[in-house]
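The values are calculated or read from the model by the stated rules, or taken from the named source; none is laboratory data. Here the structure is a predicted model, which is why all the values come from computation and not from measurement. Because the Cβ atoms are built from the backbone with ideal geometry, glycine has one as well, and the counts that use them run over all protein chains shown.
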Amino acid sequence: MNIEQNINSFTLKEISIEAAQLWEELEQLDSNEGDVEQVIQQLFEVQGAQERKIDAIAYVADQLKLDVEVWQSRLEAITLLHTTVINRKQKQLESLKTYLLFLNQTGVLQNCNPGLEREITFQNNPPKVVLKLEPENPRFPEEFRAVRVEYRPLNKQILEAHKQGYDVSEIADIEVGRHVRFKHCSKKK
């Protein structure tokens with residue numbers, strides 16, 4: 001197999017399998033110098049192909065990261081633009097409603113104002129409570145106060161206890177994932 005010339009048609013897995021097969025072949029060869037030299041040459045070619053394949057994969061990963069950043073910034077710009085327009089339209093709607101309420105309160109508009117196809121009506125909102133005292137105030141009556149207890153795990157402390165050798169298996173599983181990192185190699189000397 002001429003792996004050097006056809007690197008793009010082979011996967012990293014196929015290149016690694018080829019290297020393993022060449023090592024097996026090398027171990028099984030007699031001491032015929034020509035055959036050993038040919039297999040070693042093929043191993044060097046496979047190693048070079050594997051290094052270039054790794055560089056190509058890392059390059060694709062870099063391009064994908066860059067694409068994600070570009071699309072993320074585009075999304076943020078579009079979101080900002082739409083949020084600005086939405087906020088402006090909401091303010092316009094609230095201003096219109098405030099103006100209509102003013103006209104109703106001053107008697108210019110009645111509680112029911114029919115049009116040809118639509119109507120504008122004015123109604124009372126449901127009653128709401130506006131507190132004068134905070135619930136923590138001792139003068140706030142107990143019958144109008146609720147105490148909420150919230151339980152939540154202290155994940156950092158559980159992890160720290162696990163690291164220190166405590167058995168936390170009754171309350172939690174400790175999972176360790178793996179991730180891929182692409183980085184530049186230091187120059188070979």
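One line per residue, one yes/no per condition, for (1) under 30 Å from Leu101 (Cβ atoms); (2) modelled with pLDDT under 95:
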| site | (1), (2) |
| --- | --- |
| Gly115 | yes, yes |
| Asn125 | yes, yes |
| Val149 | no, yes |
| Gly165 | no, no |
| Val168 | no, yes |
| Cys185 | no, yes |
| Lys189 | no, yes |
Residues satisfying the stated conditions in region 145-175, i.e. in a helix (DSSP H, G or I) and among the basic types (Lys, Arg):
Lys156, Lys163
How many residues does region 43-78 hold that are within 18 Å of the chain's Cα centre (by Cα) and among the charged types (D, E, K, R)?
6
I'm trying to understand the selection: among the residues of region 114-132, which are assigned to a loop (DSSP other than H, G, I, E, B) and of a type in the set (A, V, I, L, M, F, W, C)?
Leu116, Phe122, Val129, Val130, Leu131
Residues being surrounded by fewer than 10 Cβ atoms within 10 Å (Cβ to Cβ), among the basic types (Lys, Arg) and within 30 Å of Val130 (Cβ to Cβ) - total across region 140-177
1
Say we look at region 62-72 and pick out the residues that are charged (D, E, K, R) and out of contact with any Phe, Trp or Tyr (no Cβ under 8 Å at 6 or more places or on another chain); which of these is nearest to Cys185 (Cα to Cα)?
Lys65
Note on region 120-144: residues charged (D, E, K, R) and within 40 Å of the chain's Cα centre (by Cα) are Lys128, Glu134, Glu136
Which residue out of Val36, Val46 is surrounded by 13 or more Cβ atoms within 10 Å (Cβ to Cβ), free of Cβ contacts under 8 Å to residues at least 60 places away in the same chain, assigned to a helix (DSSP H, G or I) and touching a helix residue (DSSP H, G or I) at 6+ places or on another chain (Cβ under 6 Å)?
Val46
Suppose the filter is of a type in the set (Phe, Trp, Tyr), assigned to a helix (DSSP H, G or I) and closer than 30 Å to His184 by Cβ; does Tyr59 pass it?
yes
